[in-house]
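The values are calculated or read from the model by the stated rules, or taken from the named source; none is laboratory data. Keep in mind that this is a model prediction, so the values were computed, not measured. Here the Cβ positions follow ideal geometry from the backbone for every residue, glycine too, while neighbour counts run over all protein chains shown. Please note that ligands, DNA and RNA were not included when accessible areas were found on the heavy atoms of the full protein model with its side chains. Shrake-Rupley method; radii C 1.70, N 1.55, O 1.52, S 1.80 Å.
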Amino acid sequence: MSGDSFGVLVGGALILGALPVVAGAALASGAAYATYKVAQTGYRVYRKNRLNASQNASPTLRTAVQSLQNRMDRQTEQADLARARHIEAVRRQGAQLRDAASSRRPDPQAMAAAREAVDREMRAESLRQERETLRREAMKDMADILAASQQAYRLRRELADWAAQDERNRQIQNRLTAESIMDARETLTLLQDAAKSGDDQFVRSAEEIERQVRESEQAFLNGNLQNACVQAQYAVVSGLTLISEHADRQFEEDELRADLLTRMEGLQAELGACRSFRFIDPNTGRPEEANLAEYSQGLWDSTSDDLQRAIETARHANRSELDALEYHFEQDLHPAARRMMESSSQQMLSYYQKLYTAETIISAMHDNNFHCQSAVQPQDDKTQELALLFTDPTGAQLVVSLDSDAAQDMDSIRLGMHVVPGEGVQPSEQELDSLRSYLTESLSGDGVEAELHCSGQVNRPTALPQYANLELLRAEPARVRTEN
């Protein structure tokens, strides 16, 4: 008598005809990426604290500051339009993915191509290239504005004859120097507003410009008017240059943050949309509700938690932290989440395959006077093997196990038959052989290929304790799959 028989079930007229559509539709909720609003992003600091020189500043400084602010506004508007076009492209790709997954006869290759198109669009490479072009144009314009300001100050200085000491020239020298120092002070105010979001290097540079302004004021008090005027004007142009460079860095940081949050929140929305869905079982006509998280062995919740932590970090991270977070998302978080969703979908298909194969087995065993007493899965984990305990009127016991976790193909199930020590008369080897043949015929009649062979010892019950006592099997921890 053989204690254990094993075989492989392949394919079949189970629920597999419909579930790929359901699973595909769930994965197609990458279209959730398209729910995002086009949020204004660039130059948050300069949108909140707009560059605005007071009426105390000279026309030269007011013109330069207004020109810089106008250029920032234009670049931001252009970038927002580019982002709007990008989001619309994502919507189109998401719609194509949804259509590919919800068709009556879904094409796996078409679904995979549509899935890749959504992911490729979300990587926003074309958007970044367009923004880089805008950035180069903006920085050239800003450099021209600064050069024009420097030229204007130089022309203002040339209005005075700094070597002359008569009353008229001394008045002109005093007025030009005082005006330059006032502009330097105005520039410091702008720097201090920007420093609220600046890095340490920016703050140190602003402090250096403040030192230059104090030195120009001291030179003015000492009567060294020309040096005071030159130094003050140098501080103004240096300060405006520093503001321009900081604005450029701020724009890039804001845009990177927006891109990263859009992608991470898109993945978060997809995890939420994929988690639960309903469908009609084509075999029974009954509505079913599936929760893919139940097929992830806890990975769904841990992945969602990791993603939420990354989102919270991104909202407050600086540029270097954003760069590191982007690398982590692209290399780790996103691929792992994608594998987890696909694996959970496959495990769900496998579960229903096991479930409906089990119904055929239960019916076939009933025809042989064996009745199913209980069905057990380790720790109620649907990704694990399903064990069915059968008894006949004499008390003889058999366990039939269905396990796809050890199979290479998700359409395959590893089937085992285990003779369990019991109080009744144990079936003979001939009876077991007849039962195996009947099971094979019954499964084949349902369109399932089955092949069984013996691996246990003749006339001996199973040597595997988890089948002799299903409570041991029920208590087993889940075998967490490797997602790498």
Is it true that some residue in the stretch 336-355 is surrounded by fewer than 16 Cβ atoms within 10 Å (Cβ to Cβ), of a type in the set (Phe, Trp, Tyr) and either touching a residue at least 24 places away in the same chain (Cβ under 8 Å) or more than 30 Å from Val448 (Cα to Cα) (or both)?
-> no
Identify, from the list Leu191, Leu176, the residue that is within 30 Å of Ala79 (Cβ to Cβ), in a helix (DSSP H, G or I) and not polar (S, T, N, Q).
-> Leu191
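State yes or no: is Arg474 within 30 Å of Gly298 (Cα to Cα), in contact with a strand residue (DSSP E or B) (Cβ under 6 Å, 6 or more places away or on another chain) and at pLDDT 85 or above? Full working, then the answer.
Values: within 30 Å of Gly298 (Cα to Cα): yes; in contact with a strand residue (DSSP E or B) (Cβ under 6 Å, 6 or more places away or on another chain): yes; at pLDDT 85 or above: yes.
When the stated conditions are applied, Arg474 passes them.
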Report yes if Asp254 is in a helix (DSSP H, G or I) and over 30 Å from Asp73 (Cβ atoms), otherwise no.
-> no
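Would it be correct to say that Gln233 is under 30 Å from Asn169 (Cα atoms) and of a type outside the set (Val, Ile, Thr)? Spell out how you get there, then give the answer.
Values: under 30 Å from Asn169 (Cα atoms): yes; of a type outside the set (Val, Ile, Thr): yes.
So Gln233 passes the test.
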Return a yes/no flag: does the stretch 382-392 have any residue that is open to solvent by 20 Å² or more (accessible area, probe 1.4 Å) and of a type in the set (Phe, Trp, Tyr).
-> no
List, please: which pairs have Cβ atoms under 8 Å, are six or more places apart or on different chains, and start with a residue in the stretch 444-471 that is under 21 Å from Glu359 (Cα atoms) and β-branched (Val, Ile, Thr) and end with one that is modelled with pLDDT of 75 or more and not in a loop (DSSP other than H, G, I, E, B)?
-> Val448/Thr357; Val448/Thr360
What about Ala143, is it over 30 Å from Ser58 (Cα atoms) and in a helix (DSSP H, G or I)?
-> no
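Tell me the residue from Ala164, Ala184, Ala160 that is buried (at least 19 other Cβ atoms within 10 Å of the Cβ), among the aliphatic types (A, V, I, L, M) and more than 15 Å from Val236 (Cα to Cα), please.
Details: Ala164 fails: buried (at least 19 other Cβ atoms within 10 Å of the Cβ); Ala184 fails: more than 15 Å from Val236 (Cα to Cα).
Just one listed residue meets the conditions, Ala160.
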Would the stretch 90-107 turn up any residue that is assigned to a helix (DSSP H, G or I), among the hydroxyl-bearing types (Ser, Thr, Tyr), in contact (Cβ under 8 Å) with a residue 60 or more places away in the chain and open to solvent by 40 Å² or more (accessible area, probe 1.4 Å)?
-> yes
Answer yes or no as to whether Thr133 is among the hydroxyl-bearing types (Ser, Thr, Tyr) and surrounded by fewer than 19 Cβ atoms within 10 Å (Cβ to Cβ).
-> yes
Is there a residue in the stretch 426-440 that is part of a loop (DSSP other than H, G, I, E, B), touching a His at 6+ places or on another chain (Cβ under 9 Å) and open to solvent by 40 Å² or more (accessible area, probe 1.4 Å)?
-> no
